[in-house]
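One structure is given below, encoded as C-alpha cells.
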Amino acid sequence: MNTSEKLIATEQRLGAHNYKPLDVVLTRGEGVYVWDTDGNRYLDCLSAYSAVNQGHCHPKILAAMVEQAGRLTLTSRAFRNDQLAYLYEELAALTGSHKILPMNSGAEAVETAIKAVRKWGYEVKGVPEGKAEIIVCADNFHGRTLSIISFSTDPDARSGFGPYTSGFRIIPFGDAEAFAAAINANTVAALIEPIQGEAGVIIPPAGYFTRIRELCTANNVILILDEIQTGLGRTGKLLAEEHEGIEADVTLIGKALSGGFYPVSAVLSNSEVLGVLKPGQHGSTFGGNPLACAVARAALKVLTEEGMIENAAVMGDYFLEGLRSIRSNIVRDVRGRGLMMAIELEPEAGGARQYCHALKERGLLAKDTHDHTIRLAPPLVISREQVDWAVSQIEKTIS
Ligand SMILES: *Cc1c(COP(=O)(O)O)cnc(C)c1O
C-alpha cells in the first residue's frame with residue numbers, strides 16, 4: 001500500500017463514516033491548485049464549499065495568521081482583545097451593517113440568528129411567548145445542528161434525529177405567493193438562501209427577492225439571508241442580495257470569511273434585532289477571538305483589494321459560456337451566477353458521482369450533489385487559461 005491507500009484505510013477503520021469523500025488524499029494547496037500525496041496536481045472546483053474563495057493558502061492571510069498566532073490567540077469574551085473592534089469596523093464599512101455578532105461555524109451563525117429573531121419577536125413585535133414562527137424554504141441547507149435539521153426537507157439530513165425543534169413553516173423556494181400566504185401574526189422572520197447551493201445551485205426567478213423584501217417590510221417580518229455560501233464574492237458581488245438590489249435585515253456569513261484558514265462566521269444586522277441579546281444570553285468561547293479576527297480581516301482585505309469579486313463576475317460569465325458551448329446529450333441544464341455553477345445531468349446518465357470521479361482522474365476536483373448535479377465553484381482567483389483548461393476537461397468527460 002502506498003501512503004494514500006494507508007491513510008484511507010485508517011480513516012475507514014477509525015473514523016465515523018458520516019462522509020463519503022472521493023479517494024484523493026490532499027497534502028498541499030496553492031491558489032486554485034491542490035496536490036495529493038502522490039504529487040498529482042488538481043484544479044479545485046469545490047473550494048471547500050466556497051470557504052477558500054481567496055485561493056488555497058493565500059500568502060497574506062497566512063502571514064496575518066502566523067503573526068497573530070505568535071502574539072495572542074484566545075482571550076474569551078470575558079476580556080476584550082485588540083482585533084475585534086477592527087473586524088467590526090471593517091465589516092460594517094464593507095457591508096453597511098450596524099451590529100455584528102461573531103461566531104465560528106456557519107451553523108452557529110444560523111442558530112444565533114434564530115435565537116435573536118425569536119427574542120425580537122417576543123420583545124419588540126409582541127408575539128405571544130412560545131408562538132414565534134420562522135418561514136424557511138424546501139430543499140434548504142443551513143447546517144447540521146438539531147434545530148436546523150428540524151426544518152430540513154432532506155431525509156438524510158433529518159430522519160432519525162427527532163424530537164425536533166418546532167416553530168418553522170416550510171414553503172417552496174422561489175414562490176413569492178406561497179411566501180405571502182405563509183405569513184401570519186406570529187411570523188417573526190424568514191430564513192432563505194439567495195441561491196440554494198446544496199440543493200444544486202437553484203437560482204430563484206427574477207423579482208423573487210424584491211417581492212419577499214416588500215412582504216417582509218409590510219408585515220414586520222425580519223428577512224434573514226443565509227449568505228454563508230453565496231456571500232463574499234462567490235456570485236460576482238460581495239453579497240448575492242445585490243443582484244436584486246435588496247437588503248436583508250440579517251445577513252449570515254461564514255466560510256470564506258476566513259479564506260479557509262479557520263472557522264469564522266458572523267451575524268450582520270441592524271441594531272434592533274441584535275440589540276435584544278443582553279449579557280449572558282448568548283455567546284461562544286472561541287467567537288470573536290483575536291486569531292479569528294486577524295484572519296478574517298486579512299481574508300476580507302485580499303478579497304476586495306485583489307479584485308477577486310470582479311474576477312468572479314467576469315470568469316463566472318466566461319466559464320458558464322464555455323460550459324454552455326459543450327455538446328452533450330447527457331446534460332439537462334447548465335446554470336450559475338458568478339463562480340457558483342452547476343451542470344445538471346439527465347437521470348439516464350447514471351449519476352453525477354462517476355463523472356466527478358472521471359474528472360478527478362483528469363486533474364479536476366468537483367463535487368456531485370443530489371445525485372445528478374455536478375457543482376463547480378473554483379477559487380475566485382481563477383484565470384482565463386485555467387477556465388479554458390477546466391472546460392476542456394469537462395467537455396472530454398461528459399460529451
Ligand atoms: C455551509 C453552509 C452552512 C453551514 O456552515 P458550517 O460552517 O458547515 O456549519 C449554512 N448555510 C449555508 C448556505 C451553507 O452553505
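The values are calculated or read from the model by the stated rules, or taken from the named source; none is laboratory data. Predicted model only: the values in this text are computed from it and were never measured. Glycine gets a Cβ as well: all are built from the backbone with ideal geometry, and neighbour counts include every protein chain shown. With ligands, DNA and RNA removed, areas are computed over all heavy atoms of the protein, side chains included. Shrake-Rupley method; radii C 1.70, N 1.55, O 1.52, S 1.80 Å.
Of a type in the set (S, T, N, Q), over 30 Å from Asn40 (Cα atoms) and open to solvent by 10 Å² or more (accessible area, probe 1.4 Å), is that true of Asn311? Judged against the criteria, Asn311 is not a match.
For first residues located in segment 254-265 and without any contact (Cβ under 8 Å) to a residue 60 or more places away in the chain, partners that are among the hydroxyl-bearing types (Ser, Thr, Tyr) and within 11 Å of the ligand (Cβ to nearest atom) and lie 6+ apart or on another chain with Cβ distances below 7 Å form the pairs Leu257/Ser265.
Rundown of residues vs (1) open to solvent by less than 50 Å² (accessible area, probe 1.4 Å); (2) within 16 Å of the ligand (Cβ to nearest atom), yes/no style:
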residue	(1), (2)
Leu91	yes, no
Pro102	yes, yes
Thr112	yes, yes
Lys115	no, yes
Thr145	yes, yes
Pro155	no, no
Ala181	no, no
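For segment 1-22, a residue qualifies if it is surrounded by fewer than 14 Cβ atoms within 10 Å (Cβ to Cβ) and either of a type in the set (Gly, Ala, Ser) or within 28 Å of Val387 (Cβ to Cβ) (or both), and the qualifying residues are Ala9, Gly15, Ala16, Pro21.
Only one of the numbered conditions (1) out of contact with any His (no Cβ under 9 Å at 6 or more places or on another chain); (2) within 15 Å of the ligand (Cβ to nearest atom); (3) outside the structural domain of Ile203 (by TED's automatic domain parsing) is violated by Phe141, and that is (3). Filtering segment 157-179 down to residues that are outside any loop (DSSP other than H, G, I, E, B) and under 16 Å from Asp226 (Cβ atoms), which residue is most open to solvent (accessible area, probe 1.4 Å)? Ranking the qualifying residues of segment 157-179, first place goes to Ile170.
Every condition in (1) part of a loop (DSSP other than H, G, I, E, B); (2) within 26 Å of Gly336 (Cα to Cα); (3) within 16 Å of the ligand (Cβ to nearest atom) holds for Phe286 except the one numbered (2). Among the residues here, Ala206 qualifies as more than 20 Å from the chain's Cα centre (by Cα), within 18 Å of Arg335 (Cβ to Cβ) and at pLDDT 95 or above.
Tallying residues that are of a type outside the set (A, V, I, L, M) and surrounded by 21 or more Cβ atoms within 10 Å (Cβ to Cβ) within segment 333-343 yields 3. The set of residues from segment 255-286 being closer than 22 Å to Ser47 by Cα and more than 14 Å from the chain's Cα centre (by Cα) comprises Phe261, Tyr262.
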